[in-house]
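Everything below concerns the one structure shown next.
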Amino acid sequence: GGGAMAAVRDVEIDPEGTFKYILVRLQRPGGGEQRDIVRGTKAAEFHNHIFEKVNPELEKLGYECKCLGGGKIEHNSKDKKIRVFGLSTGYGKADHSVTVEILKKEYTDYEITWSDDKK
């Protein structure tokens, strides 16, 4: 741990609303340490828009990035609830249970749930 990898936040999602998200695996070339991060924003019309923004930033830090899939996040900051659901047409469905565990690290006082529902 430590160093540049610590500088990459586990979660960067919009503070409110429903939007697309992707689960990204970061790995050091040569099979060093790896970790998964969550990125989501309303600004992205398609899941690949998120990856295309994140990937170059992380490659600069020396990571290989792979998108493990996507879905949607419904973030209700008033009620402190996050719902993870849906899928990405291009990348397939992320493992939402993994996403939830990552979100719980950041949003410790939230109720966070997931389902395979499309809506």
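Taking the range 36-53 as the range and being open to solvent by 50 Å² or more (accessible area, probe 1.4 Å) and over 15 Å from Tyr91 (Cβ atoms) as the test, the residues that pass are Lys42, Ala43. Here Arg83, Arg9, Arg28 are screened, and the one residue that is within 19 Å of Thr108 (Cβ to Cβ) and modelled with pLDDT under 95 is Arg9.
Counting residues in the range 74-84 that are within 16 Å of the chain's Cα centre (by Cα) and of a type in the set (Gly, Ala, Ser) gives zero. Does Glu106 count as at pLDDT 95 or above and open to solvent by 30 Å² or more (accessible area, probe 1.4 Å)? Yes, satisfied. Among the residues of the range 54-67, the one identified as within 17 Å of Asp10 (Cβ to Cβ), modelled with pLDDT of 95 or more and open to solvent by 50 Å² or more (accessible area, probe 1.4 Å) is Lys66.
The values are calculated or read from the model by the stated rules, or taken from the named source; none is laboratory data. Only a predicted model underlies this, so the values are computations on that prediction, with no experimental measurement involved. Don't worry about glycine lacking a Cβ; one is built from the backbone with ideal geometry, like all the others, and counts go over all protein chains shown. When the accessible area is computed, the model is the full protein with side chains, heavy atoms only, and any ligands, DNA or RNA have been set aside. Shrake-Rupley method; radii C 1.70, N 1.55, O 1.52, S 1.80 Å.
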